[in-house]
1. Using only DSSP helix segments of four residues or longer, with each worth -39500 (n - 2.57), what per-residue ellipticity at 222 nm results for the chain after dividing by its residue count and rounding to 500?
2. Quick one: if the Förster radius is 30 Å, what FRET efficiency do Asp348 and Glu198 give, using the C-beta to C-beta distance and rounding to 0.05?
3. How large is Rg over Rh for region 336-490, taking Rg from the Cα atoms and Rh as the Kirkwood inverse mean of 1/r across Cα pairs?
4. Over the chain, with the other protein chains present, what is the accessible area per residue in square angstrom, probe 1.4 angstrom?
5. What nm value, rounded to one decimal, do you get for the distance between Arg127 and Ser154 when each label is placed 7 Å out toward the C-beta?
6. Would you be so kind as to identify which of Asn613, Gly513, Ala479 lies farthest towards the positive end of the dipole of the chain, taking Lys and Arg as +1 and Asp and Glu as -1 on Cβ and the Cα centre as origin?
7. Report relative contact order for region 421-529 in percent, whole number only (criteria: Cα-Cα under 8 Å, sequence separation at least 6).
8. Going by a ≥ b ≥ c, the root eigenvalues of the Cα gyration tensor, does region 429-563 fall in the rounded group (a/c under 1.5), the prolate group (a/b larger than b/c) or the oblate group?
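The values are calculated or read from the model by the stated rules, or taken from the named source; none is laboratory data. Keep in mind that this is a model prediction, so the values were computed, not measured. Positions of Cβ are generated from backbone atoms using ideal geometry, with glycine treated the same way; all protein chains shown enter the neighbour counts. The area values use the complete protein model at the heavy-atom level, side chains included, leaving out ligands, DNA and RNA. Shrake-Rupley method; radii C 1.70, N 1.55, O 1.52, S 1.80 Å.
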Amino acid sequence: MKIDWTKGKLRNAQMLKNAQMLEAGEDSCEILLGKEGGGISLPQLLETKDRYVIGDVEVLEDHSAAMMFRCFEKGADKEKLYLRFGLLPHFQTRICLDLSLLDNSTIYTNRTPGTLKLVCHGHRMKREDAARFELGIEKVYHDVRVRLSGFYTSNEKPEEFPIPDKKVVDEFGQWKEKEWPGKIHSLEELKKELAAQEGPASYSVPSWNRWGGDSTRKLKEGNGFFSTIKTEDGRWHLVDPDGCDYFSLGPCGTRPGDGCRVDGFETVCDWLPDREDPQWEEFWQEGVRQRTAYMKPEHFRILNFAGVNLKRVYGKDWKKKWEEIAMRSLKGSGVNSQGNFPGLHVNDGQDSLPYVRELPGFPMTKTLIFRDFPDVLSEEYKENAEIYAKQLEGWKDDPWLIGYFLRNEPEFNFVEDLAIADEVLRNPADTCCRRGLVGFLKERYGSISALNQVWGTAFADFSDLEKPVDGCLEHYPGAEKDLREYSVFLIREYSRVPAEACRRVDPNHLNLGLRWSKAYNRDMMAGWEYFDVFSINCYDFDPTKDMDFVKNAGVDLPILMGEFHCGALDRGLTATGLKGVPDQEQRAVMFRHYVEKVAQHPYGVGAHWFQYNDQFCLGRFDGENYQIGMVDICMQPEKELMEAARQTAEVLYAVKNGEKPAYEQTPVSIPMIGY
């Protein structure tokens, strides 16, 4: 069904005038979307059962846009669910929005050519309950012009996703549409800039030992590995292998470049190395990837542009020269750790920069409860946990490994206030979790009539609970206490089973937990007693609220902040990432403020910036294209950020031990351009 733009209704979160129709016709329109999140309604979607919404969008600005597809239920002012996706500037892109995602079964989706990352947030809704669908933008720092054309609905995905016929990426992988300080324009210029970064590495703080711990603050006798201690003043600390106070500060992804997704984008690049040429083959990856167990496999072609740039300068010695440059830059800036996804001398027997790592292949089961939550009470889960833990065998003796994360950002946790037991009942499968839940309820109530009286239900028998029960918590509030209690038990088992398996294989290293995406659900704190450190990723300007949530939920462990960042639009990329600031100076302010707030907190023991490298201007594997690196795609350091790290390092242990206050200047923020 064709979408006629003359029937659209413009909206504002508060008033119906936060957008302006600049030009409208049946097939296309140009609109000015207000900075508070303007949009245009699509009433035709209420008249069809077609699965896909398809059309071409062009962002008529010089930066990317975080587009929003909002889905409202009857009588609601706030969307129940939304899809957020990124689009490049001045780059007409065909989008394909899948209305089956209203079931909220996934947060991530596979890419289509031209579109950047697309995520799904909110709560499950039924299509027949929808009262309004709107296409617009996320809040941004100014009004945004977009052109929409050729929109229609269909039950078939389009076969073609055309790409504009223009060059937007130069020979070094940089965005051509923009100039900025430090942009590389020739190979000779790149050689000169890299040569200036060469040299031996040493920490910027003289009192730091080889691990990056404070040699003047011995907390206990070292055991040759990293450990923890809670001192008499109530502060948690990491302790280095020599027994000294250690605060883990550094970036994630310390690798020579970030993956650059180029399939579908080949024609917009000035130059790509020949994939058949042996000198470039190490920089190409092509294959099929399944991001999560419940998603369809996706073909990809990825180039490491930064690695190519380094080899063009250094030839076959490029990797060693990168290691030299990276170690000198990081240590000289007071960085003493590698966050998740490390790549500098990892488990290679050489002196290194201490690092953490995520164990790949978290145990799954053939039947999943919701998103990536496995059937944790099954023998299959236990058996897979044993297999998963065995990979630690080859790492257990490395003293440079601080510890390991069991996994990264469980995707079921992105649903706010989720009760996993509610999903157990909704799932039609005969799972061990369902059997366990029914057994728990039988033991608690004895009779179905007793359960019905508390829950407000009319089940004929406990066997009714062996059938799908959709929206139990929503329809029967009396079930809340029982389902929350059993959810906590299931989350605890989710952590306990793999944690104990890993401990049996590797008793030397710290279990750093699950890197939760956010701390806002007390149920998800369950199982903390099986960790040595509790880790969360917190994309706020001040992490104190999330850290206090964890502490006040009863977690008595050191807290490691696994990811944080901010970005700006004054350098080479068109999106800020998950926190935005106006320029590089404010990125530096944010870094100092955040890290020192972590150090000041009595449970804070580390902060890991995401990430070492800027992302590719056309997107990494999933489409993120953020200006979030400590270095750009040509390995040029972001000097303001590096200097901020050095300044924080000078006071880090004094702040950690309450001898100096944390850096109090707060960064100037702008709404993020992120997806």
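1. Numbers: 12 runs with 148 residues, N = 675.
Computed ellipticity for the chain at 222 nm equals -7000 deg cm²/dmol.
2. Efficiency, rounded to the nearest 0.05: 0.90.
3. Radius of gyration relative to Kirkwood radius: 1.14.
4. I get 38 Å² per residue for this part.
5. About 1.6 nm separates the two model spin labels.
6. Toward the positive end, the furthest listed residue is Ala479.
7. Taking the mean separation of contacting Cα pairs over the length of region 421-529, I get 29 percent.
8. prolate
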